[in-house]
Amino acid sequence: MAKIDAFFKLMHEQKASDLHLVSGLSPALRINGDMERIKYKSLDNDELRSMLYEIAPEDKVKVFEETGDVDFGYEIPGLARYRANFFMQKYGIGAVFREIPSEILTAEQLGLPPVISKLASLPRGLVLVTGPTGSGKSTTLAAIVDVANRTRKDHIITVEDPIEFVHKSQSCIVNHREVGLHTQTFSAALRGALREDPDIILVGEMRDLETISLAIEAASTGHLVFGTLHTSSAPKTVDRIIEVFPSSEQAQIRSTLSDGLRAVVAQVLFKRADRSGRCAALEILIANPAVRNLIRESKTHQIPSMIQTGKKYGMQLLDDAIMDLLNKGWINGDEAYMKANDKGRFRSFCQSPPADFTEA
């Protein structure tokens, strides 16, 4: 057993999402969104480096020593998988580990709206799950892919950096590919995927022009493509995709995206006020003909009003979802205010409204 595994077991017992190990400091866990120090001595740089290198593949150590950054996956059988990131900082080496549960929770267990499960049955198109880092995008995507894996008879390819949730082939054949280990880049894997008879492609992160372009192309040629972006709302997601392309190509991409897009799910995680744990508020955009027309005509600023009138399709605004959680007593007013888009709507729920100079 590696020396660091003791921290992972503690992390699992405490239901922490992340483990932070930094030279010169004692270890820390992120529990329900807050950083909590572990009662342990400060970690010496050489001691921590030895501890981290014990679990890292040789090729990843080489990359780290050349670049100062590296990502990879680590697994403790019977416990969990971990997404690892090593980095160099002023006082020496540092690392952050995100726990990926071995059990894939269903959409029902996660409390997701019914329309989320329906996305798994789409025959083709682009579905994007967005939100800030640590907002549960991977968990939501895993739940959707799990529905497809159990109910369809298709070929699913996932491209991730590193592999997070591992889906065992059920009704579908599932192939997992890790960037840097099984393929050089997201874009190379996507180009290859189009020749591998896929029905469903999951792209762990759409981070550059080539990857986004290939994902849109795959969605437009009869494949169902799931991907993630670090955007905070449905309209911003559409704008972000279009703005990645040169201005001379944006009109064409608007047309292609409007035809291929099927849904955008933007989510934010909240600490539960009624018990331990966290819950998600989701903004859901379903790309019906009216929404596609707004994208095509460069009227994305009208998407929120379209979401508001599209509740019968399963659409909902993020602020409405936050208000629902607030009314249930699941979250408190201060956190609702901090993470809402229209903060004025939630100010009266705050015990002590924070002074936000950016609202002036």
- Message: Any residue that is in contact (Cβ under 8 Å) with a residue 60 or more places away in the chain, over 25 Å from residue 102 (Cα atoms), assigned by TED's automatic domain parsing to the domain that holds residue 289 and surrounded by 16 or more Cβ atoms within 10 Å (Cβ to Cβ) - is there at least one of those in the stretch 168-178?
- Response: no
- Message: Cβ-Cβ under 8 Å, sequence separation 6+ or interchain: first residue in the stretch 1-27 and assigned by TED's automatic domain parsing to the domain that holds residue 88 and at negative phi, partner of a type in the set (S, T, N, Q) and part of a loop (DSSP other than H, G, I, E, B). Which pairs?
- Response: 25/42; 26/42
- Query: Only one of 126, 112, 119 is assigned to a loop (DSSP other than H, G, I, E, B) and either under 18 Å from the mean Cα position of the chain (by Cα) or at pLDDT 95 or above (or both); which?
  - Reply: 112
- Query: Do any residues in the stretch 180-205 that are assigned by TED's automatic domain parsing to the domain that holds residue 148 have Cβ atoms under 9 Å from those of residues that are among the aromatic types (Phe, Trp, Tyr) and outside any helix (DSSP H, G or I), where the two are at least six apart or on different chains, and which pairs are they?
  - Reply: 180/72; 181/72; 200/226; 201/226; 202/226; 203/226
- Message: It is to be established whether one or more residues within the stretch 78-85 are among the hydroxyl-bearing types (Ser, Thr, Tyr), part of a strand (DSSP E or B) and within 19 Å of the chain's Cα centre (by Cα).
- Response: yes
- Item | Scope the stretch 242-273; condition among the basic types (Lys, Arg) and over 22 Å from the mean Cα position of the chain (by Cα); matching residues | 254
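The values are calculated or read from the model by the stated rules, or taken from the named source; none is laboratory data. Here the structure is a predicted model, which is why all the values come from computation and not from measurement. Note: ideal-geometry Cβ built from the backbone for every residue, glycine included; neighbour counts use all protein chains shown.
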